[in-house]
Amino acid sequence: MHDHHGAGGMNLMPLWVQVLGTLVLTVITATHVVHVLTLGPDRPQIRGWHFTHLAMNLGMVWMFAPWASMPGQARAWQYIFGALSIAVAAWMLAQFQRGVPVNLLWVPALIGMVAMTYMWLQHRGHGVAVVTYALIAYYLLEAAAWAQGWFTERCGRRSSALPYAVGPRTGTAAELAGACGPDVRISQTASALVMGYMFLAMDGGASEFVEQAFGTGAVTEQTVWAVSGIALVVLACVPRPVAARERESVAA
């Protein structure tokens with residue numbers, strides 16, 4: 001059984017966390033499989049978007065598994081996500097050159113491919129603490145964004161101030177209609193939280209901090225910071241109520 005913790009730190013990947021994480025990620029993976037298989041050939045962009053997240057979740061499921069510590073497999077996954085990162089970036093640039101806007105959701109998808117490449121690099125012992133903490137912060141923000149509906153689409157438009165598309169011009173040519181249904185919103189929130197936790201669990205400094213916060217049996221300064229951070233994450237990821245005018249818009 002593998003774990004991710006530094007010397008003297010707390011193991012943030014005990015068996016029960018591995019089992020729970022695997023179950024959650026398996027359910028999320030299944031939702032993306034359903035979308036990939038059921039979407040028609042006339043919606044290639046949304047199928048591609050779901051495929052990238054299907055790949056990400058498969059990679060995380062594999063990392064949660066007991067055999068994930070095998071060096072050869074870690075290197076293979078690193079190459080896979082490195083290739084996917086290049087493919088997604090090249091496709092986005094090609095769209096821009098054609099003057100076609102790209103849905104904003106492809107930006108976090110690209111970040112996800114790069115993050116998975118780095119995660120497997122980190123798994124091989126080549127991570128950089130600053131990069132790891134930056135990714136933890138990013139995925140907490142992404143989880144909050146999905147939970148609060150910042151990516152939700154209403155009649156071809158965002159229900160938040162986020163732009164619908166990025167690229168050389170605005171418009172709905174890059175529409176990912178249906179990409180932000182309730183199941184996707186929930187699964188993406190959970191997936192982002194799991195990603196953030198994975199990076200946290202793989203950092204030796206973080207495991208030492210958690211040990212000082214919860215492993216001493218006493219309330220320490222680290223305990224206060226840790227509890228405050230957990231409370232902030234929970235509050236940020238509690239979905240906001242849908243405003244009456246948004247409900248009317250959806251009903252219409």
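If Gly82 passes every condition in (1) farther than 21 Å from Leu193 by Cα; (2) not in a helix (DSSP H, G or I) but one, which one does it miss? All conditions are met except number (2). Residues in segment 19-54 that are aliphatic (A, V, I, L, M) and within 18 Å of Trp91 (Cβ to Cβ): Val36, Leu39, Ile46, Leu54.
Taking Ala109, is it farther than 20 Å from Asp203 by Cα and at pLDDT 90 or above? Yes, satisfied. Would it be correct to say that Leu140 is open to solvent by 50 Å² or more (accessible area, probe 1.4 Å), within 16 Å of the chain's Cα centre (by Cα) and at pLDDT 90 or above? The answer is yes for Leu140.
A quick yes/no check of all residues on (1) in contact with a Lys or Arg (Cβ under 6 Å, 6 or more places away or on another chain); (2) at pLDDT below 80:
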{"residue": "Gly6", "(1), (2)": "no, yes"}
{"residue": "Met13", "(1), (2)": "no, no"}
{"residue": "Leu25", "(1), (2)": "no, no"}
{"residue": "Leu39", "(1), (2)": "yes, yes"}
{"residue": "Pro44", "(1), (2)": "no, yes"}
{"residue": "Arg47", "(1), (2)": "no, no"}
{"residue": "Val61", "(1), (2)": "no, no"}
{"residue": "Pro66", "(1), (2)": "no, yes"}
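Among the numbered criteria (1) touching a Pro at 6+ places or on another chain (Cβ under 9 Å); (2) open to solvent by 40 Å² or more (accessible area, probe 1.4 Å); (3) not in a helix (DSSP H, G or I); (4) not hydroxyl-bearing (Ser, Thr, Tyr), which one does Gly125 miss? Of the numbered conditions (1) touching a Pro at 6+ places or on another chain (Cβ under 9 Å); (2) open to solvent by 40 Å² or more (accessible area, probe 1.4 Å); (3) not in a helix (DSSP H, G or I); (4) not hydroxyl-bearing (Ser, Thr, Tyr), the odd one out for Gly125 is (1). What pairs come up if the first residue lies in segment 107-128 and is without any contact (Cβ under 8 Å) to a residue 24 or more places away in the chain, the second is open to solvent by 50 Å² or more (accessible area, probe 1.4 Å), and their beta carbons are under 8 Å apart, counting only those six or more places apart or on different chains? The qualifying pairs are Tyr118/Val131.
A single entry from Ala251, Ala231 fulfils the requirement of being loosely packed, with under 15 Cβ neighbours inside 10 Å, small (Gly, Ala, Ser) and modelled with pLDDT of 80 or more: Ala231.
Look at Thr216 and say whether it is at pLDDT below 85 and closer than 30 Å to Gly127 by Cα. Criteria met by Thr216.
The values are calculated or read from the model by the stated rules, or taken from the named source; none is laboratory data. Remember, it's a predicted structure, so these values are computed and weren't measured experimentally. Cβ atoms come from the backbone with ideal geometry, glycine included; neighbour counts cover every protein chain shown. Only protein heavy atoms, including side chains, enter the accessible area calculation; ligands, DNA and RNA are left aside. Shrake-Rupley method; radii C 1.70, N 1.55, O 1.52, S 1.80 Å.
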